[in-house]
Amino acid sequence: MATERTFSILKPDATKRNLTGAVNAVIEKAGLRIVGQRRIQMSRAQAEKFYEIHKERPFFGELVEFMTSGPVVVQVLEGENAVAKYREVMGATNPANADEGTIRKTFSESVGENTVHGSDSLDNAKAEIAQFFQDSDIAG
Ligand code: CMP
C-alpha cells in the first residue's frame, strides 16, 4: 500500500454544530494525518466549480446553496491508502445507509447535509487539493 493524500471538506452542518474537533478526532483515530487545514467561506463560483460533475443532477442547486450557507473546513489528509480509507471512515453518502462508527452515521442528519466530503479517486484528490491548497500550505 502506498502513502496517499486525499481531500476532505467538513461541511457547513459540521461547523454550525461545533463538530470540527469531534470529526477530526475520528479522522486522526483512524490513522489519517491532517497535513493541511483551512476554514473558509466557499464562494458560489468555488462550489459550482467543485461540484461541476453534478451540475445536471436535480440536487445541484440545493448542494451549492448548502455548501455556501456557512463556513467549511477544507483539509488534506495523508496516510496509507488514504482515499479509500477516508471513504470507509466517512461511511455511505446517505447516513441512513452508513455503517456504525462512521462519521456520517454518528453525526449526519440527511443525504444533503452529510457532514463531510472525501475524494472518490486519487486523480480527483489531486485536482480537488489543487483547487484549495498550494503546496506550501501542506506540511506532511
Ligand atoms: P459529496 O461527497 O460531497 O458529493 C456530492 C454531494 O451531493 C454528496 O456528498 C451529497 O451531500 C450530495 N447529494 C447526493 N445526493 C443528494 C440528494 N439526493 N439530495 C441532496 N444532496 C445530495
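The values are calculated or read from the model by the stated rules, or taken from the named source; none is laboratory data. Only a predicted model underlies this, so the values are computations on that prediction, with no experimental measurement involved. Here Cβ is always computed from backbone atoms with ideal geometry, including for glycine, and neighbour counts include all displayed protein chains. Remember, those area values only see protein heavy atoms, side chains included, never the ligands or the DNA or RNA. Shrake-Rupley method; radii C 1.70, N 1.55, O 1.52, S 1.80 Å.
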- Query: For the chain, which whole percent of the accessible surface, found with a 1.4 angstrom probe, sits on carbon and sulfur atoms?
  - Reply: 47
- Using modelled amide H (1.01 Å from N, peptide plane; none on Pro or chain starts), what sits under 5 Å from the amide H of E4, excluding residues fewer than 5 places away? G79, E80, N81, A82
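Given a 1.4 Å probe, how much area per residue of the chain is accessible, in Å²?
Working: 7500 Å² over 140 residues.
Solvent-accessible surface per residue comes out at 54 Å².
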- Query: Mind listing the Cα extents of the chain along all three principal axes, in Å, largest one first?
  - Reply: 37, 34, 27
- Message: Could you identify which residue out of A92, A125, A22 has the top mean-square fluctuation in a GNM of the chain using Cα springs shorter than 10 Å?
- Response: A22
- Point-charge dipole on Cβ atoms (K/R +1, D/E -1) for the range 52-120, about Cα centre, debye to 20: 20
- Any chance you could run the full-extension gain for V111 through R33? It's 0.36 nm times the residue separation minus the Cα-Cα distance, nm to one decimal. 25.5 nm
- Query: What list of ³J(HN,Hα) couplings, whole Hz, do you get for the range 11-18 from phi and the Karplus terms 6.51, -1.76, 1.60, once you set θ to phi - 60° and write x for glycine and proline?
  - Reply: 7, x, 5, 6, 5, 4, 9, 6
- Which whole-number percent is the relative contact order of the chain (Cα, under 8 Å, 6+ apart)? 38
